[in-house]
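A short reminder: the numbers here are calculations on the coordinates, not readings from a lab. As the structure is a computational prediction, the values presented were derived from the model and not from experiment. Heads up, the Cβs are rebuilt from the backbone with ideal geometry, glycines too, and the neighbour counts pull from every protein chain shown.
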Amino acid sequence: MAQNINVTSPEFDYTIKIGSGLLDKIGEYVPAAPSVVITNTTVASFYGKRLSQLLPNSSVITMPDGEQYKTLETVNGLYPELVTAGLDRSGTVMALGGGVVGDTAGFVAATYMRGVRFVQIPTTLLAMVDSSVGGKVGVDLPQGKNLVGAFKQPEVVIIDPDVLATLPEREWRCGMAEVIKHGFIADEQLLQPELWDKTQAEILIARAVAVKVKIVQEDPYEKTVRAYLNLGHTFAHAIERVSQYSWPHGEAVGVGLVAAARLSYVLGLCSAELSEKVEKVVSTVGLPTRIGDLDPAELFAAMGSDKKWQAGHSRFVLLKAIGQPVIAHDVEAGVVIETLRQLKS
Ligand code: NAD
Ligand code: GLY
């Protein structure tokens, strides 16, 4: 039976539905036609035809697959397709895919005709536990990740764990990066490998989603505690950008968590044991813990365009203990670069 998690947001309340077989019941949960499903070429090859049959009055339009297409150029190409599909202000945009599709389609939904209804149908573990919840949508600029965006709450989030059957193993691990991030921020149980069993994905997803829901309800517009969800992300976004997105987001978050924990230790915020525990959990999940051939100084320079930094002053989410994230301001460049240098091998 599906689990429902209700979310209170400043605009309206919505439900996150989690359950096996929900995709086949999609017509029951989404607003009446007209609607357009935005997906990508890969996800369309698995689920596009099925969705067209389930929603006969909807058009399915595809964008190319990859973070490098989470851009204004892609958005610009999608708008005329919505016009051609006859989507008017009473219509709904549905995102069927991972975080890239969700962020891009959400930005389209937030801006097309000054905003139409939006539904999230996440198909990666990462999108299920993180990006489909909380309303952040947007695209990247050449200067940095997620630099153009909006808050656009979904009417409903439909999570059918059955679609994870086609998800590559590497992408499952990427999703686990955000699961363990939620564990370090607020729920130590999520760090127990017994909970990571794919056959029980529904339980894992519900528990990880609950962490995010609690935080976004308290601080929907990231004035305070929502920033904690960015643990590891200042490092991660720099890694993604410097590597020209050859590092997937989840892998960059994995090593970003290790870097944040090490920096926390170096700054005297947490114990060596905690820093070692973060590294062990990241490595047990199967995510990278080292930056490889990336240049620490170049990574630090790339962090300068992080939108979480204020007037050029560094701002990192760090950890004092499990369940106790903190924000550190104005960390010296040399300390950050040295922390990254130690993650070269
Ligand atoms: P992604 O969207 O690129 O998906 C990963 C890969 O899996 C893609 O190749 C995709 O085509 C494929 N795929 C998706 N579902 C599949 C399925 N069921 N079967 C087979 N293949 C499938 O990556 P992601 O990890 O889902 O999302 C990363 C993005 O999310 C980044 O852009 C990141 O910045 C963003 N993000 C946003 C938020 C937010 O709050 N808005 C939070 C976290 C991450
Ligand atoms: N992924 C961070 C947030 O939603 O705030």
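Key figures
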{"quantity": "Selected residue (only one of TYR245, TYR228, TYR221 is of a type in the set (Phe, Trp, Tyr), farther than 16 Å from VAL129 by Cα and in contact with a strand residue (DSSP E or B) (Cβ under 7 Å, 6 or more places away or on another chain))", "calculated": "TYR221"}
{"quantity": "Selection count where residues are touching a Leu at 6+ places or on another chain (Cβ under 7 Å) and of a type in the set (Asp, Glu), scope the range 90-105", "calculated": "0"}
{"quantity": "Top-ranked residue of the range 113-134 - restricted to ones that are surrounded by fewer than 20 Cβ atoms within 10 Å (Cβ to Cβ) and not in a strand (DSSP E or B), ranked as farthest from ligand 2 (Cβ to nearest atom)", "calculated": "MET113"}
{"quantity": "Unmet criterion (only one of (1) touching a helix residue (DSSP H, G or I) at 6+ places or on another chain (Cβ under 6 Å); (2) assigned to a loop (DSSP other than H, G, I, E, B); (3) not hydrophobic (A, V, I, L, M, F, W, C)) for PRO325", "calculated": "(2)"}
{"quantity": "Test: residue in the range 192-209 that is away from ligand 1 (no atom under 11 Å from the Cβ), among the charged types (D, E, K, R), outside any helix (DSSP H, G or I) and touching a Pro at 6+ places or on another chain (Cβ under 9 Å)", "calculated": "no"}
{"quantity": "Selection count where residues are surrounded by 22 or more Cβ atoms within 10 Å (Cβ to Cβ) and either in contact with a Lys or Arg (Cβ under 7 Å, 6 or more places away or on another chain) or among the small types (Gly, Ala, Ser) (or both), scope the range 230-276", "calculated": "21"}
{"quantity": "Single residue of LEU87, LEU96, LEU82, LEU147 found to be farther than 18 Å from GLY250 by Cα and in a loop (DSSP other than H, G, I, E, B)", "calculated": "LEU87"}
{"quantity": "Residues located in the range 212-227, provided they are in a helix (DSSP H, G or I) and either within 13 Å of ligand 1 (Cβ to nearest atom) or charged (D, E, K, R) (or both)", "calculated": "LYS212, VAL213, LYS214, ILE215, VAL216, GLU218, ARG226, ALA227"}
{"quantity": "Residue count for the range 136-172, restricted to those that are free of Cβ contacts under 8 Å to residues at least 12 places away in the same chain and near ligand 1 (Cβ under 8 Å from one of its atoms)", "calculated": "2"}
{"quantity": "When residues of the range 220-242 are limited to those that are within 21 Å of GLN143 (Cα to Cα) and charged (D, E, K, R), the one farthest from ligand 2 (Cβ to nearest atom)", "calculated": "ARG241"}
{"quantity": "Selection within the range 24-75 - assigned to a strand (DSSP E or B) and more than 9 Å from ligand 1 (Cβ to nearest atom)", "calculated": "SER35, VAL36, VAL37, ILE38, SER58, SER59, VAL60, ILE61, THR62, MET63"}
{"quantity": "Condition met for VAL137 (out of contact with any Cys (no Cβ under 8 Å at 6 or more places or on another chain) and assigned to a strand (DSSP E or B))", "calculated": "yes"}
